[in-house]
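Where a number appears in this text, it was derived from the coordinates with a stated rule and is not lab data. This structure is a prediction, so every number in the text was calculated from the model and none was measured. Virtual Cβ from ideal backbone geometry, glycine too; neighbours counted across all protein chains shown.
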Amino acid sequence: MEDFQRTLVSSCVKVYLCTNPEDSVEERRSLREDVFPRVRDYCRCAHGLEFRVIDPYEGLELQDVLDPRGQQVRLQLLEDCRKTSAGPFLVALVGRQYGSTGLPVQVEVSEFQQILQTGQQMGIDTQVLERWYCRDENNVPPSFCLFDHRHHDQAEVKASKIHLQDVYQEMRIIFHTIVTRCIQEGNITSEKAQKYFRSALDEELHFALENRSKEDIARCLCYVYKITRKQCRRKPLIDLNPNLKASSDDPLSNLRDHFLPGLVTSCQLQVYTTTSVSELHSGDTTEMRRWYTEGLCQQLYKDLLNLINSTAARKRHRFDDALSQELVQQANLCHIYSSLYRVNCEEVQHVKAYLQQKETEYPLVLFGGPCTGKTVLLAYCASQVSE
């Protein structure tokens, strides 16, 4: 069913750009200015398709990038690209920085209470967690949810940006310390603890590639940039989670040297690795970075065209008769409108109960004023029926 829906809505190659924004400024700028416009022209001329790149960090300030709630939106965008792209859907740039580790937006009640209890036993002040996480019984299961500062006055929010970053960092450190102890004592499993230790880059790569079909993985491109130094690297000041991954103490090394190569072997994921040698402890020079960026642009342009030619041409179907064209248009509208509907409300249950009747003597009538959501509701129900 998903492949059929993708065929109907695939009039665009939608690529999600997966990066650590603090470590990819030059690469993203060069791709945006040089590579993506040329690929867009090629898609239009060669396949009659649009080409769109979703860079979730473009135009955002640092404080917005670090907002934990943004990760939920980014995963939704990534999933939309996977489902609806007519060709490749993921381009990942893995550089020399792992990125800030996660701060969960919600934590189940039992798990949160276990963290507070363990923190008290360790002598750690957890008041900041208790202030910034509020219990919400409407969640299933009930959870403690991170307080949303965006509901406050905008002037107040703007004045507290730096303060928010400090608060987020403080909570990350507290979670890292306590959850590590919980793992050691067996109170929280390593699988459940992932959300406290993975960066956004790592989480997005696992979301896009882990337990996916070979067909989906074949539509992904990953580029890894490594820096090796002649001098020994200093040990990090804080070991965020030494027990989470037995294969590596460094989550970035684990991502580059274990997770991605494992998918190359098992699923033929396309991964390109570039290694530079630097005598500087701080990393690569400006010249080295420019050299890598130029090579990346050349390689990615060629790889995107090859992947578009092998996937988009095979997946795209042309509909010549009027009835088929109308079917495609209606499917497109259904996909667009249903994506806007997020809450299961009472009206949905009425529609469901009506459809489950063995015999229907009267039609189901939906009425309401302009812009009350009638079309969106019907599109959402239609998408649920098709699934």
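Key figures
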| quantity | calculated |
| --- | --- |
| Options Gly59, Ser143, His47, ranked by Cα towards positive dipole end of region 32-143, top entry (Cβ charges) | His47 |
| Among Pro37, Thr19, Gly119 - extreme Cα towards positive end, dipole of region 1-125, charges at beta-carbon | Pro37 |
| Distance in nm between pseudo-label sites at Leu60 and Asn139 (7 Å out along the Cβ direction from Cα) | 2.0 nm |
| Distant-in-sequence amide H partners of Cys18 (H built 1.01 Å from N, under 5 Å) | Val91, Ala92, Leu93 |
| In Hz, Karplus ³J(HN,Hα) per residue of region 181-192 (6.51, -1.76, 1.60; θ = phi - 60°; x = Gly, Pro) | 5, 4, 5, 4, 8, x, 7, 9, 6, 4, 5, 5 |
| Additional length obtainable on full extension of the chain from Ser190 to Asp80, 0.36 nm per residue less Cα span | 36.8 nm |
| Debye, to nearest 20: dipole size of region 25-137, +1 on Lys, Arg Cβ, -1 on Asp, Glu Cβ | 480 debye |
| Pairs from Lys14/Lys352; Lys83/Lys195; Lys83/Lys358; Lys14/Lys302; Lys226/Lys302 whose Cα-Cα separation, in the structure shown, is over 28 Å | Lys14/Lys352; Lys83/Lys358 |
